[in-house]
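J.: Structure incoming, see below.
The values are calculated or read from the model by the stated rules, or taken from the named source; none is laboratory data. Because the structure is a prediction, the values reported are computed rather than measured. Positions of Cβ are backbone-derived with ideal geometry, glycine not excepted, and every protein chain shown enters the neighbour counts. These accessible areas exclude ligands, DNA and RNA; they are computed on the full protein's heavy atoms, side chains included. Shrake-Rupley method; radii C 1.70, N 1.55, O 1.52, S 1.80 Å.
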Amino acid sequence: RDSYYKTSDIVFILYNIAKVDSLYHVENVWYKEIKDTALRENKASDMQVCVVGVNPEARDQLVETNIYEPDGNDEENMELFRRNTNRKSIGRGQGERVSVKLKHKHSKRDTRHFEVQKDRGKVIEFFNTVVKDYVLSRLNN
């Protein structure tokens, strides 16, 4: 994946709102991997990182929680975290707070956060809008 990150203008990191540990992985697995490859050079980057929560309608069937990370990084704490967040959804605003933390010091762009329903038309509209916004911002600069 390294070569993809290095040549990408927009990177989408998706998480499932119905799976609390997926937001934890955005920050501690996927963004770390992107940062360690594409953003490690000490030069300004124009890459747009978008953190995208899918399946927000799951909040209607699950209990929202503000917990999105375990107390420790060992296997016992991870298992306890999984059990304690079972049948819970990521609370409103948690994804936004995580995306704010993912600002890279050499990036010209802030990490953006979105939530997209699983309806095919909404997903297509979302991707079209984000790509169009990125292209227009490049043309205006």
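J.: Please state which one of Ser89, Ser22 is crowded, with 18+ Cβ neighbours inside 10 Å, at pLDDT 85 or above, small (Gly, Ala, Ser) and over 20 Å from Asp133 (Cβ atoms). Show your work before the answer.
T.: On the way: Ser89 fails: at pLDDT 85 or above.
The conditions single out Ser22.
Here is a yes/no grid of residues against (1) of a type in the set (D, E, K, R); (2) in contact with an Asp or Glu (Cβ under 7 Å, 6 or more places away or on another chain); (3) modelled with pLDDT of 70 or more; (4) open to solvent by less than 20 Å² (accessible area, probe 1.4 Å):
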| position | (1), (2), (3), (4) |
| --- | --- |
| Glu41 | yes, no, no, no |
| Val49 | no, no, yes, yes |
| Gln61 | no, no, yes, no |
| Arg83 | yes, no, no, no |
| Ser99 | no, no, yes, yes |
| Ile124 | no, no, yes, no |
